[in-house]
1. Kindly work out what percent of the DSSP beta bridges joining two residues of the protein assembly as shown are antiparallel, to the nearest 5.
2. Among A:Asn313, B:Leu120, B:Ile14, flag the residue with its Cα farthest along the positive direction of the charge dipole of the protein assembly as shown, charges on Cβ as +1 for Lys/Arg and -1 for Asp/Glu.
3. Give the aspartates and glutamates whose C-alpha is closer than 12 Å to that of B:Lys197, dropping any in the same chain fewer than 8 places away, or say none.
4. How shielded is B:147-156 by partner chains, expressed as the average number of their Cβ atoms within 10 Å of its Cβ atoms?
5. Using alpha carbons only, what's the Rg to Rh ratio of the protein assembly as shown with Rh from Kirkwood?
6. Among A:Ser364, A:Val41, A:Leu6, flag the residue with its Cα farthest along the positive direction of the charge dipole of chain A, charges on Cβ as +1 for Lys/Arg and -1 for Asp/Glu.
7. Return the calculated 222 nm mean residue ellipticity for chain B, to the nearest 500 deg cm²/dmol, obtained by summing -39500 (n - 2.57) across DSSP H runs with n ≥ 4 and dividing by the residue count.
8. Which angle from 0 to 90°, rounded to the nearest 10, does the C-alpha axis of helix A:347-360 make with the longest principal axis of chain A?
Amino acid sequence: MRKNFLVSSIKDSLFTGLIALALFGPIVGLRTVAKNEVLVVSPKWFIVLVIVIVCALGRFLTNLYIYNRDQKYGIQSTVGKSITKFLDTKGTQIALSAIIFSVIFPFLPFTDRYLMDIAIMMLTYIMLGWGLNIVIGLAGLLDLGYVAFYAVGAYSYALFAIHFGWSFWICLPIAGIFAAMFGVLLGFPVLRLRGDYLAIVTLAFGEMIRILLLNWYQLTKGPDGLTGIPRPSFFGLPFKSFPEEGEQTFHTFFGLEYSPMQRIIFLYYLILVLALITNLFTIKIRRLPIGRAWEALREDEIACKSLGVNPRNTKLTAFAIGAMFGGFAGSFFATRQAFISPESFTFIESAIIVAIVVLGGMGSQTGVVLATVFLIGLIEVFRDFESYRMIAFGGAMVLIMIFRPRGILATRKPTITLHKKEVIK
Amino acid sequence: MLLISKVETFYGNIQALRGVDVKVNSGEIVTLIGSNGAGKSTLLMTISGVNKASTGEILFDDQHIENLPPHEIVNLGISQVPEGRRIFSRLSVEDNLRLGASAYDKGKNFDTDVKDVYDLFPVLKDRLNQRGGTLSGGEQQMLAIGRAMMARPKMLLLDEPSLGIAPKLVNQIFIAIKNINKQKKVTIFLVEQNAKKALELADRGYVLVNGNVTLEGTGQDLLKNKDIQAAYLEGGGKK
């Protein structure tokens, strides 16, 4: 058995090398260079060879040490088990300390403008991840067009704020309602679809919204985007360096020196609160009949029907509520950027959000946070090495898929526990 | 209570039911026996509305239900225990039971109703926090029946409750079905391949062959019937 395994894994890694050759040969190996105003191919076979060897060797090592069934507890299970166990026993403390950390974060000595911006971006993605988790994690509907609702929220906020001059706090719920309506709009035609087919239609829906925004010039200003979106005010007190005559601003009201950081910090707390509301909502709704129906629908649609769960309404509410949180995040995005254009809502955004949810472990709220910190953080860390960012991003996904194929936190806690706490295995 | 007349159901071009007439009176246990592919499960799915009848009528308490969606049929008082149990394996046992109750009253009477389920199947009480998928086959069947009972049905449709379950547990489940009928006054419509057990339990029975009802009678009469003994009961065919 042992020998067979060795032979088969060598075969397997040689095959991987072949695939790598077929892939990287043309992509990396054949490079066109302009020489004397003529395009010539300058082959880079050495780099291809290195890549192929790395791939084959990597495959061989993973075969030996990770997929090896002879080892009773491979790296895969030990790493996973320790993470899961740690979070099971210390889950509440970790969540609490994370919240406390995020609350005091703006006032820590090392926090600067750059870190705040990253933190705000991460929180936006966390909120989007939590919102999408309702659709994917709870209701089990793979939505690849989630960015559409983000866009609808952003544009409806921007349009209402620009044309009617309404404040952030009025436009926010309106944007949420609009996004939810679009969620229902998407939900209706896909009621009968499942799995791959659903994913394709949602993907197309996301693109449709983007193309609509791009071409409906009268309303959205197309590729020019919308500029001059009003900034949020602190309950009526604007953040301005030079207030007009008789106008109260945030820093005059509180008797502070004006600093541009004040608005950043306010935005940070805004998205933190919005994200926490999303999380709290999801935690609570899982214990209500509708949340339970979502999870049941994910498990078995026929059983749901025979129990009297209405699958149509259940799916539509999942789409609508997931979309609503996407819309909230979108309006936050619009007010933070003060400028939006369809370019911010491309498919890659949807893909990142789905990646966050899936890599985090579908349905796990903490997993979403970990995956966001990991993925977005990684992109940021590699910002200085622009050309290597995507390699790092892809590498991170490959590593997660090798070590935690069902997501960072694949096991979920039971929705409710009665009597005493027992760990469900 | 339930009157099915001339019901035909298709899967695409394939006709599964060819004009079925079945009548279930209030308080009865009626069983439907038949071989694989005879259309037994299709008939149950047609009653509960998951499959739609293309022609024919289904009356429940004198009300037409053949065109109602499944969730409205459940609200009228027909609960189904689907074939192969179909419990929600990644949800806890308690969540499974709560889902059964949600159709009836959004779970307001959960605490009282769940006690009745514990009386029927005490083992579920110990398993409350376990995931549904970790139960044994027999326990899953108990959970499926308990889940259906949470909707306070007037009539329970059972699809092969003995399928893939240890013989000892099969007896327990049949006793429970009898109790549900006698104590809770729930009418039972039972589909079974285990013809002997089903006919012993039932007041009346129907035999379904290729989508047609070929025989009907009291449970005892059908048990004594030579054709049935030959076709469905063990040993009968050898003589």
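1. Working: 31 of 49 bridges.
The antiparallel proportion sits near 65 percent.
2. B:Leu120
3. B:Glu160, B:Glu234
4. Values: counts 3, 3, 0, 1, 3, 0, 1, 0, 0, 0.
What the average comes to for B:147-156 is 1.
5. Values: Rg = 30.7 Å, Rh = 29.0 Å.
Reported Rg/Rh, Kirkwood definition of Rh: 1.06.
6. After comparing all options, I get A:Leu6.
7. Working: 10 runs with 93 residues, N = 239.
Calculated at 222 nm, the ellipticity per residue is -11000 deg cm²/dmol.
8. It works out to around 70 degrees.
A short reminder: the numbers here are calculations on the coordinates, not readings from a lab. In this text, all values refer to a predicted model and were calculated from it rather than measured experimentally. Here the Cβ is made from the backbone with ideal geometry for all residues, glycine too, and neighbour counts use every protein chain on show.
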